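Below: one structure, written as structure tokens.
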Amino acid sequence: MEEKEKALHELLKLLADHPDLAERITITIKPSKIVQDKAEPKEPK
């Protein structure tokens with residue numbers, strides 16, 4: 001397991017074991033790449 005994945009797994013296990021901590025923690029996950037939908041917008045009838 002990659003080091004980051006292992007750290008995330010340990011963090012999630014800690015939060016699962018101590019739900020009172022989870023209420024006080026905010027985690028923001030920023031995507032490494034922004035994927036945009038290339039579908040064209042539908043025209044109204």
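The values are calculated or read from the model by the stated rules, or taken from the named source; none is laboratory data. Computed from a predicted structure; not experimentally measured.
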Matching residues in segment 11-34 (among the basic types (Lys, Arg), at pLDDT 85 or above and under 14 Å from the mean Cα position of the chain (by Cα)) number 0
*May I ask you to verify whether ASP37 is at pLDDT 80 or above, among the acidic types (Asp, Glu) and more than 17 Å from the chain's Cα centre (by Cα)?*
no
In segment 3-21, residues that are outside any helix (DSSP H, G or I) and among the acidic types (Asp, Glu) total 0
